[in-house]
Amino acid sequence: MSRSIVAGNWKMNTTPSEGKALVQKILSEVPQPGTRVIFGVPAIQLMQIQQIVSGHANYAVAAQNIHEKESGAYTGEISAAMLVDAGIEYVILGHSERRDYNGEDDDLINLKLTTALEHGLKPIYCCGEKLDIREAGNQEVVVGRQIEQALYSLDPEQMKQVVIAYEPVWAIGTGKTATNEQAQQMHAYIRRMITNQFGSDIANNTSILYGGSVKPGNAAELFAESDVDGGLVGGASLDAAGFAAIIRAAR
Ligand code: PGA
């Protein structure tokens with residue numbers, strides 16, 4: 001099975017009308033993508049976008065968060081069961097913005113991962129270091145710890161469902177992209193960590209996406225690296241022509 005995935009993370013952007021128009025335009029530009037394409041959309045648009053992409057091979061939808069509990073008195077939250085019942089296949093977890101602005105740490109993210117997997121939702125698990133860590137040369141220590149705390153307690157069958165996104169925090173929304181070498185080096189390191197815990201079969205089938213200022217102009221060279229299986233794209237996923245170009249750049 002191909003590891004190739006291009007996922008858009010719309011964050012808190014687009015109204016339902018704008019989201020609908022955006023997806024329809026991308027579908028008409030790339031009706032038959034050669035890679036899996038995932039739209040990570042705001043909660044209010046999940047069902048609408050799922051309905052639009054259903055029946056289009058290789059297209060899927062991701063939520064941007066879930067609550068770790070099954071159900072109950074958690075005002076404003078969305079559960080894994082709700083997403084599954086709505087036909088949603090993926091959920092983005094561990095994004096640096098949720099770590100920073102919502103205080104999510106790897107223990108909480110591990111609970112959310114487990115809840116998602118128990119319901120059959122596929123997590124897109126985000127990890128990545130901040131600028132001071134990169135400047136001190138400690139990026140592998142920090143990302144290694146994130147991978148270990150969030151993923152090592154999963155059983156092998158669960159790990160097969162996980163997509164990893166390496167997103168250096170200093171590259172998110174900054175226009176500053178990791179070099180191809182920096183991305184490849186970290187992706188290879190992450191794959192070695194998955195090999196150590198889960199074996200090479202699982203590691204070699206795990207999709208590891210790069211995120212952080214992916215654009216039409218740099219996507220092809222990043223995706224050409226042997227351990228970079230695609231991208232998690234923020235800003236550039238909001239432009240139909242640009243996102244279509246990134247989809248075409250996937251191998
Ligand atoms: P960016 O965001 O592409 O706008 O840098 C990536 C992300 O946060 O997933």
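Computed from the coordinates by the stated procedures, all read-outs in this text should not be read as laboratory data. None of the values given here were measured: they were computed from a predicted structure. Cβ sites come from the backbone with ideal geometry, for glycine too, and all protein chains shown count toward neighbours.
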Checklist entry - Within the stretch 206-251, how many residues are away from the ligand (no atom under 14 Å from the Cβ), free of Cβ contacts under 8 Å to residues at least 60 places away in the same chain and of a type in the set (Asp, Glu)? => result 3
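Being of a type in the set (Val, Ile, Thr) and touching a Lys or Arg at 6+ places or on another chain (Cβ under 9 Å), is that true of even one residue in the stretch 97-120?
Quick first cut of the stretch 97-120, residues of a type in the set (Val, Ile, Thr) only: 109, 114-115.
Subsequent filtering for residues that are touching a Lys or Arg at 6+ places or on another chain (Cβ under 9 Å) retains 109, 115.
Checked against the condition, which is being of a type in the set (Val, Ile, Thr) and touching a Lys or Arg at 6+ places or on another chain (Cβ under 9 Å), the stretch 97-120 yields at least one hit.
Residues are listed down the side, and each one gets a yes or a no for (1) among the β-branched types (Val, Ile, Thr); (2) part of a helix (DSSP H, G or I); (3) surrounded by 20 or more Cβ atoms within 10 Å (Cβ to Cβ):
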| position | (1), (2), (3) |
| --- | --- |
| 67 | no, no, no |
| 83 | no, yes, yes |
| 92 | yes, no, yes |
| 97 | no, yes, no |
| 100 | no, yes, no |
| 115 | yes, yes, yes |
| 126 | no, no, yes |
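Test residue 178 against the criterion of being assigned to a loop (DSSP other than H, G, I, E, B) and without any contact (Cβ under 8 Å) to a residue 60 or more places away in the chain, and give yes or no.
Numbers: assigned to a loop (DSSP other than H, G, I, E, B): yes; without any contact (Cβ under 8 Å) to a residue 60 or more places away in the chain: yes.
Spelling it out, residue 178 is indeed assigned to a loop (DSSP other than H, G, I, E, B) and without any contact (Cβ under 8 Å) to a residue 60 or more places away in the chain.
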Item to check | the stretch 143-174, residues that are hydrophobic (A, V, I, L, M, F, W, C), more than 13 Å from the ligand (Cβ to nearest atom) and in contact with a Lys or Arg (Cβ under 8 Å, 6 or more places away or on another chain) | outcome: 162
Checklist outcome for this item: residue 114 passes all but one of the listed conditions (1) touching a Gly at 6+ places or on another chain (Cβ under 6 Å); (2) over 30 Å from residue 176 (Cβ atoms); the exception is number (1)
